[in-house]
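Readers should treat all values here as calculations from the given coordinates under stated rules, not as data from a laboratory. What you see is a predicted model; the values in this text were computed from it and never measured. Here the Cβ is made from the backbone with ideal geometry for all residues, glycine too, and neighbour counts use every protein chain on show.
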Amino acid sequence: MTAMSELQRWFVLCRLDELPIEGARGFDLAQRGIDDVFIVRKHAMLRCYRNACPHWPGATLPWRRHAYLDGNANYIVCHGHGARFEIGSGLCVLGPCSGARLEQVSLRIDDTGAISIAWPG
Ligand code: FES
């Protein structure tokens with residue numbers, strides 16, 4: 001989890017029970033028609049990343065909405081040139097940006113199951 005700056009606030013995205021047990025979901029926070037961030041859930045593990053591939057400035061990852069993972073839900077995949085990223089760390093382990101990382105976004109879950117992220121506000 002990354003540190004939260006003073007310019008950020010907690011922003012509720014969804015509830016835990018709205019996410020697939022193994023899968024990903026994107027969120028269009030700025031209402032631009034493009035997801036700004038996505039959450040990956042793999043059983044008890046939850047991560048949130050910006051929808052921005054480190055290989056190419058401005059590139060987004062999925063080929064269609066919410067399609068952030070490979071077929072086995074083992075890696076995050078960028079459709080641009082096939083880069084694969086570890087779900088837990090965001091580290092690129094295969095592809096043209098090997099060694100680079102997705103930008104992780106701080107995330108928390110409250111007692112009601114609401115998931116929030118630290119986001120500029
Ligand atoms: S834009 Fe993501 S791998 Fe090239």
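Annotations for the structure displayed:
- Hz values of 3J(HN,Hα) by residue in the stretch 30-45 - Karplus curve (6.51, -1.76, 1.60), Gly and Pro given as x: 8, 6, 9, x, 9, 5, 7, 9, 9, 10, 10, 10, 10, 6, 7, 8
- Within the stretch 1-98, the chymotrypsin sites (Phe, Trp or Tyr not before Pro) that combine a DSSP coil assignment with at most 11 other C-beta atoms in a 10 angstrom radius are 63.
- The stretch 38-114: trypsin sites (Lys or Arg not before Pro) in DSSP coil with no more than 15 other Cβ atoms inside 10 Å: 64, 65
- Along the chain, longest interval not containing exposed GluC sites (Glu not before Pro), exposed being DSSP loop plus at most 16 other Cβ atoms within 10 Å: 7-102
- What the phi angles of the stretch 82-93 give under the Karplus curve with 6.51, -1.76 and 1.60, with θ = phi - 60°, is a coupling list of x, 4, 10, 10, 5, 5, x, 10, x, 6, 6, 10 Hz, glycine and proline written as x.
- If the Kirkwood radius is taken over C-alpha pairs of the chain, then at 20 °C and 1.002 mPa s the Stokes-Einstein diffusion coefficient equals 148 µm²/s.
- Residue 14/residue 79 FRET efficiency (R0 25 Å; Cβ-Cβ; nearest 0.05): 0.60
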